[in-house]
Amino acid sequence: MLFLTGRTPRRATAAALVLIGLLTGHAAAQSMNDVQKIAKDRGLSTADLLAAAKTYTPSGQKDDYIMFSSGGHSGQVFVIGVPSMRHLRTIAVFTPEPWQGWGYGVGEEILEEGYVDGKANLWGDTHHPALSETNGDYDGQFLFINDKINARVAVIDLRDFETKQIIKNPLTVSDHGGTFVTPNTEYVIEGGQYSVPWGFKYAPISEYKERYKGSVTLWKFNRKKGRIMEDESFAIELPPYWQDLADAGKLASDGFIFMNSINTEMATGGIEDKKPPFEAGASCNATDFMHIIDWRKAEEVYKAGKVTRIEGFPVIMLETAIEEGLLHVTPEPRSPHGVDVAPKGDFVVVSGKLDPHVTIYSVKNIKAAIANKTYSGKEPFGIPILDFDSVIEAQVEVGLGPLHTQFGPDGYAYTSLFLDSAVARWTLGGSYGSGTPEPDWTLVHKTPVQYNVGHIGVAEGDTVTPDGTHLISFNKWSVDRFFPTGPLLPQNFQLIDISQQGTEMPVIYDMPIGMGEPHYAQIIKADKLNPWKVYPDIGWDPATMTLDPMAPKAKMERVVRNGNTVEVYMTAIRSHFNPEHVTVKQGDTVIWRITNVERAVDATHGFSIPVYNINLSLEPGETATIEFIADTPGTFPFYCSEFCSALHLEMMGYLLVEPAD
Ligand code: K7E
Ligand code: CUA
């Protein structure tokens, strides 16, 4: 209401003004004096008021951007509006989530796809969400995310914001350089991290060099099916370094994957045997290696059958990759972390955590070096090394602990500085030169952040046309920014306004994240998303994204016994379940089908049965099938767990399990 005076219709009558006052709960005669008084009372500066005006989003007004954030070790994805920084939803992915019924009646089959060697792993460590792309631009259709702890990849359909698939990597149990997508989402790419023997089988650490393996997996995505096709996917063997972050080329670099590595020392850890600990052993070399992979060539090699099946999965062996000329490396400053491709695809920016510079590689030079075999040697496994001096374009000193880089539309690049706790703005040169008032390849400004920034995200940042209005700093520590919630404090997402040039780059909002440690997030224009308001028709199964022919419908509710199996066909509508009594015998197999037959937006019903650990969320039109053995006799009131109507408390029924004689 800051600027109500400006919005009031000029010919408003006194009565209308009184009415506005009553409706909004504010006196009609607001003015900037009131704003000033409140600002004074609360100790707010003009900058604070400006920040509020840029972020405050009145009731009913919606955000311009939607951010999909990794949920870190919550195993989920967070959906957040920008610039309001309002948390809109959590999407259940690797971790059961009762509000969505995820893992408490539905989603179990999908969670089971992610079991590792038959073991339930009901959490994940999500790092890098990737929106599906068409011609290098976010298209708002799908979202992918990796799980670093078990090397899994999930597919989320953005029609209903639900997880549809979890795929376990058969070769490794550790990933990091993923997910990211090729410019038309042909592949979802998952790079490994900590090397392990194939299939994470046992091999003593003394056999590290011989038996431990690095890899990158190219998961073929079928947009029509909305699924990764495991039998059209393949991997490439890489040296047993620890492959780290990666990015796909686009435009000028279309067809390439750029992937960092750390621990090219192949350190195996120390302590008891007096060898250096990993931290030191993996940081000896002055340079590590960026892998440059020609994925189109790799696809041809895979299609030509030049693969070895390992754990049943096709792998282009390292030898073949070298022979076919699809794999090169080039040195990169020590302990690199982020690798990010500029919007036109012509530059690749790498940050070495232990080097205050960002190093910018020229894709033109990389292509020339590959074509002319401008090698400075071979790394220990025989991969040709592209001569560093012939492929770099520039180095810019940005500050301490550079990690990740994002790009604006105007020739600015932004790099997070972990040790400095700051976000650096610097200028690109080459084809981006003259977009900014400052000279090419120079540091322009650093905005301090609170504290220990990991990734940063720019609106539409990974596309060929970044928007560059907002940047979010994903800070690991919040220290003194919020009320202390015990020793465990939230992370801090800080919104930075990057819409002005030069040194004007203020923090305008702090958002605490008190549920897991997010790493990266992608930010898409809200109008590119077109989620369903209700499911297309009554009886819709979100797991298959089709109508379920077995779905209960109105007037077809019943309980059918067939030997020891009881089938329940139930509907839910405000404010009753039908049937309301279900009687079974102890030991019966119960197949319970339930449909929410509502068509009204937001008319979600829950369905919860005590003791049996069941809780569903049924959105309008949705059907679900749950199955259990009625092994515990007793009287179990089931009820709707979403406050849906005035008589919500009455929306209940009884499951009666008669004891076996
Ligand atoms: Cu830097 Cu996993 Cu991308 Cu965390 S990673 S910050
Ligand atoms: Cu349905 Cu509460």
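A few points about this structure:
- Calculated FRET value between T589 and R86, using beta carbons and R₀ = 35 Å, to 0.05: 0.20
- In this simple spin-label approximation, D602 and E232 carry label points 7 Å from Cα along the Cα→Cβ vector, and these lie 4.0 nm apart.
- Label point 7 Å beyond Cα of V116 along Cβ direction - residues of the stretch 165-184 with amide nitrogen under 14 Å: 167-176
- When the helices of the chain are scored as -39500 (n - 2.57) per DSSP H run of n ≥ 4 and the total is divided over every residue, the value at 222 nm lands at -3000 deg cm²/dmol.
- Simple Cβ-charge dipole of the chain, Lys/Arg +1 and Asp/Glu -1, about Cα centre, in debye nearest 20: 1240 debye
- An oblate overall shape is assigned to the stretch 93-228, the ratio a/c of its alpha-carbon gyration tensor axes (a ≥ b ≥ c) being 1.5 or greater and a/b not exceeding b/c.
- Cα-based shape type of the stretch 245-337, given that a ≥ b ≥ c are square roots of the gyration tensor eigenvalues and the cut on a/c is 1.5: oblate
- The stretch 564-633: antiparallel DSSP beta bridges as a percent of all, rounded to 5: 65 percent
- Here the simple spin-label model places points 7 Å from the Cα toward Cβ, and for E108 and Q395 these points are separated by 5.8 nm.
- Three-way shape label, the chain, alpha-carbon gyration tensor, a/c 1.5: oblate
- Length-normalised contact order for the chain - Cα pairs under 8 Å, 6+ apart - percent: 9 percent
- Relative contact order of the stretch 407-536: 21 percent, from C-alpha pairs under 8 Å at least 6 residues apart in sequence.
- Here the peptides 511-517, 76-82, 370-376 are ranked by packing, the mean other Cβ count within 10 Å, and the order with the highest first is 76-82, 511-517, 370-376.
- Averaging the sequence gap over all C-alpha pairs within less than 8 Å and six or more residues apart, then dividing by the number of residues, gives the stretch 74-172 a relative contact order of 22 percent.
- Paramagnetic reach from K373 in the stretch 322-362 [backbone N under 17 Å; point 7 Å along Cα→Cβ]: 322-329
All of the numbers you see were taken from the coordinates with simple rules; none came from a lab. As the structure is a computational prediction, the values presented were derived from the model and not from experiment. In this analysis, Cβ positions are derived from the backbone assuming ideal geometry, glycine residues included, and neighbour counts consider all displayed protein chains.
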